[in-house]
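For reference, the structure discussed in these notes is given below.
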Amino acid sequence: MFVKRLINASPKKVFLRLNILFFTNLLLLCSFGSLRAQSWNWKGVFVLEPGSLEYKGPVDLSVKDGLVEKIVPSSKEATPLYLLPGFCDANVTLGANSLGGQKDKKELEEDLHSFLFHGFVLVQSVADANWAEEVARSRRQKGEFPQILSSSPVWIADSPELRGSETDRKGYKILHSAVEAMQAVASKAGGKAHIFLRHDPGELFQLDGHLLYRMRAKADSQRLELAVSSFGEEFATWEALSAGVPVLYHPIPETASIVPVSGNLVQSYWGPMFGVYYNQKQVGTSEFSTEWDRLLDWSPKFKEKAPTAEWVSSLKGLREKEKAEADQEYDSYLAFLNARKNLALKILLASGAGNYLTFPGIAGWKEISLLSKILGPKEALRAATETTCTYLGAAHEGKIRTGKSAQFLVFEEDPLTDWGKLRSLRTIVTERKKTEIAPAKKTKVKGIRG
């Protein structure tokens, strides 16, 4: 397996409680002015209809006090604008800075802005320490965006990689036996629990398929939803599918052993996270440098904060044999989905932002582009909106509806015809706040390869 272990480092110890309280209070103070009643109107626009991949329009749409007040037919003829629901990302790690290190307070705020400026109104953070929950709680209470869902500590079997100071692993609950694993499930009534499923040869205790099945059965009786990250490993994926877990993250290889159990995925949500694996196999190559230039051109907001192209070109990639293996594995991941396009309605947008060279916001766009290559832009954007937002419990449920939460995006060009037109995003509405994005310079944008 070419993929490196994708366990992110915990946040720096500078996140002491005093700093957390100061930072969250500052956020609350700054957000106070945005909570006043606001009214906005758009005339002659096209609005994506709920449960559909088609537009309704032209229509006049108005927002008042954070809700969509009305959507009515319009006779206005003008350059059309296209309204899509705000995006949601089901798997990010806020404590990691996408450069192999850990994040400080300034980087956190910049990353949250990057999510928002790329249209993401809700993100689910996985494997973060307690400070992420502090930030998440304050944002939920005050209606700040992007909203954060912070998962409880990830369950993972003990291994040498995890041993050491427990203070460095606050985002994880380390399990040492099957008894501890079952107790962890029994102690939670309702909600969600996330498992990192990996296999370390020589370890005395493993979260194997039989134990995972027992955990899933117990979780069902507890109304507890289990999510499993399998890291693209064939055996771990086989066990997760065999156990019938309701949510699975990371790509699935198209292999002879997976095919017999692949049908179980029809009943589950799946976040493929192709972008993480694309980066790992391509980094250090001329193709990756070319891709980097395209990303910079695709997103002016990413370009403002991204590392330099010179730095990117200095990165070392895989050795020749490893690269060949990586390409083969990645192709098998794409082949799995390509053979099962019927899974489209259960696919989650999961960017993996926080993993190495997987940056907030732009990584979500990259994931949309990779899904579009197989499913088409309409289904990829359905994953980013209605499917993922409904799954995460977003207030707008990934839809634009009269009387419901106003969380939507305004594009100058239609992204449903070409995912590259995400670049035309101009306005982000998040209930009582409207964020405008300055137009980029008119340059020809080539497609993002995947």
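Which residue pairs have Cβ atoms closer than 8 Å, lie 6 or more positions apart in sequence or on different chains, and pair a first residue in the range 250-264 that is at pLDDT 95 or above with a second residue that is of a type in the set (D, E, K, R) and part of a loop (DSSP other than H, G, I, E, B)? Pairs found: 262/340.
Could you name every one of the helices (runs of 4 or more DSSP H) located completely within the range 305-418 that has at least 3 residues being open to solvent by less than 10 Å² (accessible area, probe 1.4 Å)?
Ranges flagged: 320-338, 362-375.
Going through (1) of a type in the set (A, V, I, L, M, F, W, C); (2) within 25 Å of residue 426 (Cα to Cα); (3) open to solvent by 10 Å² or more (accessible area, probe 1.4 Å) one by one, residue 99 falls short only on (2). Residue count for the range 202-214, restricted to those that are assigned to a loop (DSSP other than H, G, I, E, B) and surrounded by fewer than 17 Cβ atoms within 10 Å (Cβ to Cβ): 5.
Of all residues in the range 35-58, none satisfies being closer than 30 Å to residue 195 by Cα and either assigned to a strand (DSSP E or B) or at pLDDT below 50 (or both).
You will find that of 189, 236, 184, 217, the residue that is surrounded by fewer than 16 Cβ atoms within 10 Å (Cβ to Cβ), among the small types (Gly, Ala, Ser) and either part of a helix (DSSP H, G or I) or more than 26 Å from the chain's Cα centre (by Cα) (or both) is 217 and no other.
Taking the criterion of being farther than 21 Å from residue 93 by Cβ and open to solvent by less than 60 Å² (accessible area, probe 1.4 Å), the residues of the range 291-304 that qualify are 291, 292, 294, 296, 297, 298, 300. Residue pairs whose Cβ atoms lie under 8 Å apart, sitting 6 or more positions apart in sequence or on different chains, and linking a residue in the range 187-210 that is within 15 Å of residue 235 (Cα to Cα) to a partner that is at pLDDT below 90 and open to solvent by 50 Å² or more (accessible area, probe 1.4 Å), are 198/5; 200/160; 200/161. A residue that is of a type in the set (Gly, Ala, Ser), within 28 Å of the chain's Cα centre (by Cα) and modelled with pLDDT of 95 or more occurs somewhere in the range 80-91. Looking at residue 239, is it within 22 Å of residue 197 (Cα to Cα) and touching a Leu at 6+ places or on another chain (Cβ under 6 Å)? In short, yes.
Filtering the range 332-367 to residues that are within 22 Å of residue 246 (Cα to Cα) and of a type in the set (Ser, Thr, Tyr) leaves 333, 351. Scanning the range 259-277 for residues that are open to solvent by 10 Å² or more (accessible area, probe 1.4 Å) and in contact with a Gly (Cβ under 6 Å, 6 or more places away or on another chain) returns a single hit, 264.
With respect to (1) without any contact (Cβ under 8 Å) to a residue 40 or more places away in the chain; (2) within 27 Å of residue 248 (Cβ to Cβ), the lone exception for residue 308 is condition (2). Mind checking whether some residue in the range 136-150 is closer than 27 Å to residue 85 by Cβ, assigned to a helix (DSSP H, G or I) and β-branched (Val, Ile, Thr)? No: zero hits. Residues in the range 60-84 that are part of a loop (DSSP other than H, G, I, E, B), in contact with a Ser or Thr (Cβ under 9 Å, 6 or more places away or on another chain) and not aliphatic (A, V, I, L, M): 65, 66. One residue alone among 47, 63, 92 is open to solvent by less than 30 Å² (accessible area, probe 1.4 Å), closer than 22 Å to residue 415 by Cα, in contact (Cβ under 8 Å) with a residue 24 or more places away in the chain and of a type in the set (A, V, I, L, M), and that residue is 47.
The values are calculated or read from the model by the stated rules, or taken from the named source; none is laboratory data. The structure displayed is predicted, hence computed values, not measured ones. With ideal geometry, Cβ positions are generated from the backbone for all residues, glycine too; neighbour counts draw on all protein chains shown. Only protein heavy atoms, including side chains, enter the accessible area calculation; ligands, DNA and RNA are left aside. Shrake-Rupley method; radii C 1.70, N 1.55, O 1.52, S 1.80 Å.
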